[in-house]
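Each reported figure results from applying straightforward, stated rules to the coordinates on display, with no laboratory input. All figures in this text were calculated on a predicted structure; none of them were measured in a lab. Every residue, glycine among them, receives a Cβ derived from its backbone with ideal geometry; neighbour counts consider all protein chains shown.
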Amino acid sequence: MKVFTSTFVAALLLAAGTAHAADPNLGRNLAATCANCHGTNGKAVKGSGIDSLAGESKEKLLQKLADFRSGDKPASIMHQIAKGYTNEQLGLIAEYFAAQK
Amino acid sequence: MFQMKRRDFLKVGAAAGAMASMYGCAVGNKAGGHVVVVGGGFGGATVAKYLRMWSEGAVQVTLIERNPTFISCPISNLVIGGVKDMADITISYENLKNHWGVRVIQDEVTGLDAVKHTIKLAKGGDMSYDRLVLSPGVDFMFDQVPGLNNADAQSKVLHAWKAGPQTVALRQQLEAMKDGGVYAISIPKAPYRCPPGPYERACLVANYLKKHKPKSKVVILDANEDVQSKKPLFTKAWNDLYKGLIEYRNNSEVKDVEVASNTAILEFDKFKADVLNVIPPHQAGSIAAKSGLKLVNNRWVDINWQSMESTNTPGIHVLGDAVFPAPTMPKSGHMANQHGKLAAAAILNLLAGQEINPTPVVMNTCYSFVDEKNVIHVASVHQYDEKTKLVQPVKGAGGVSVARNELEGKVAMAWAKNIWADMLA
């Protein structure tokens with residue numbers, strides 16, 4: 001499980017590293033699909049009970065998303081959501097949130 | 001399964017971007033333009049905010065909304081169940097105005113001219129647009145329930161399927177109902193707004209009656225063959241929490257209503273209730289349904305899933321419950337919010353004469369309360385598919401809660417706070 005997870009994260013990071021989308025707004029558009037719960041630009045309403053994602057490092061975000069997908073990180077819903085996006089897409093999303101101040 | 005390669009771009013003209021808007025010029029290298037948004041619900045408020053935010057103020061946005069404040073349908077079943085009040089689901093448009101610079105006008109749009117790019121306002125005369133967004137929600141087809149086809153009947157037999165005065169009125173009817181009374185809710189054939197909503201409402205009314213009027217009953221008259229959403233989780237809640245209190249009847253379409261006796265007329269049967277709550281069939285809001293936009297089944301607007309633009313009327317984008325849904329896509333506030341962002345991104349590209357994103361993604365979540373604390377969810381992710389030209393649900397993603405639970409009761413309220421802020425704060 002652990003081995004699988006770390007290869008998986010490596011794949012995610014690799015995909016993210018090479019994904020220079022022709023459309024400069026692709027990461028922004030994809031990250032906006034998370035904002036319903038995590039707040040506009042990843043800034044959740046304070047005290048709402050859902051974590052902000054803005055300013056988190058790309059590596060940490062991708063590790064958590066990989067752990068949701070594998071089941072290593074328990075979740076009520078994120079395991080179901082994370083499986084809906086490609087590695088490249090999650091890479092772009094993590095990059096976008098990491099860049100938010 | 002899903003390719004990120006960008007090919008077969010839609011070629012789009014730069015004409016709209018170059019058009020002079022009533023607000024004048026573009027700022028810097030960002031294209032300007034004037035976008036008019038009709039309807040300030042989950043779709044309309046979101047597209048208005050995101051157009052302003054993503055264009056950094058370069059695009060002028062006017063939002064036309066008939067109500068003075070936003071009132072949320074999600075969470076309104078908790079008001080009907082006596083757990084929350086109207087203040088909890090009412091939010092002002094002040095931040096859209098003051099923080100985001102959206103011009104919010106309280107008025108009614110009575111018509112549009114898709115060639116001249118103008119709309120007609122009931123109070124305010126004509127207004128021109130470079131791009132128009134219609135997010136009008138649904139209109140009820142009262143002609144399908146003839147006894148309800150007049151204002152007096154509609155004030156007695158309520159739908160409460162648009163949050164607002166009817167939410168309060170239905171709550172009052174339940175409070176006035178005697179112990180031992182019967183509350184009946186009728187569900188139209190799918191597709192209708194908020195697939196799990198009627199079952200959630202049945203639970204929350206039962207939750208109230210169980211505590212305060214335990215001899216009463218809840219009857220669900222469903223026009224559909226079966227429960228439309230989260231069936232195993234809802235039926236388990238009915239058995240575990242409301243045994244003998246909630247009765248479910250499938251294939252029970254309400255064809256008419258005798259208002260004087262609070263009786264629902266079914267095909268072969270009649271059903272008399274103390275509180276009768278009829279949700280009539282609905283269609284795209286009239287400004288979308290009656291302006292020449294191509295419809296599907298004569299009810300819902302046919303749109304291009306890369307831009308939310310009408311398939312036969314360029315320059316007009318349609319969002320939310322008014323559109324003919326892609327496969328397995330529910331008519332929900334969460335989805336309307338996602339439509340708003342998809343449209344905002346496409347409109348900014350179109351105004352600037354750029355290619356639009358050929359591979360949009362949208363996702364949905366619906367949280368339903370089965371009592372005041374326990375919640376169940378359904379979620380899905382939808383990726384654009386070049387073959388079918390639809391956003392298709394991703395296999396292996398999405399799903400429902402394992403069981404009803406209190407943790408998601410907290411998450412559901414967190415979801416509400418964050419989505420309300422995402423559209424209005």
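Data overview
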item: Relative contact order computed over chain B (Cα-Cα under 8 Å; 6+ residues apart), in percent; result: 19
item: Ranked B:H317, B:H382, A:H38, criterion: other C-beta atoms within 10 Å, fewest first; result: A:H38, B:H382, B:H317
item: Within a Gaussian network of chain B (alpha carbon springs, distance under 10 Å), most fluctuating of B:L204, B:L121, B:L170; result: B:L121
item: Calculated FRET efficiency for the pair B:D179/B:K389, C-beta based, R₀ 45 Å, to 0.05; result: 0.25
item: Whole-number percent relative contact order across region B:235-363, with pairs defined as alpha carbons under 8 Å at least 6 apart; result: 14
item: Whole-number Å³ per residue for the convex hull built on Cα positions in chain B; result: 140
item: Above-threshold pairs, the threshold being 18 Å between Cα atoms, out of B:K162/B:K270; B:K84/B:K417; A:K83/B:K331; B:K217/B:K272; B:K290/B:K341; result: B:K162/B:K270; A:K83/B:K331; B:K290/B:K341
item: Residue among B:A379, B:A412, B:A45 with the largest mean-square fluctuation in a Gaussian network model of chain B, springs linking Cα atoms under 10 Å; result: B:A379
item: Under 13 Å from the Cα of A:K64 - aspartates and glutamates, other chains or at least 8 residues apart; result: A:D51, A:E56, A:D72
item: Neighbour-count ranking [beta-carbon atoms within 10 angstrom, fewest first] of B:C194, A:C34; result: A:C34, B:C194
item: Ranked B:F42, B:F271, criterion: other C-beta atoms within 10 Å, fewest first; result: B:F271, B:F42
item: Added length on full extension, which subtracts the Cα-Cα distance from 0.36 nm per residue, B:D113 to B:K97; result: 3.1 nm
item: Local net charge near A:A35, Cβ-Cβ under 11 Å (Lys/Arg +1, Asp/Glu -1); result: +3
item: Gyration tensor verdict on region A:33-101 (Cα atoms; rounded if a/c is under 1.5, prolate if a/b is larger than b/c, oblate otherwise); result: oblate
item: Global geometry of the protein assembly as shown, whether rounded, prolate or oblate, following the gyration tensor of its Cα atoms and the 1.5 cut on a/c; result: oblate
item: Degrees, to the nearest 10: B:231-241 long Cα axis against longest axis of chain B; result: 40
item: Most fluctuating residue given options B:T69, B:T311, B:T328, as computed from a GNM of chain B linking Cα atoms under 10 Å; result: B:T328
item: Among beta bridges that DSSP assigns inside region B:142-280, antiparallel share in %, nearest 5; result: 30
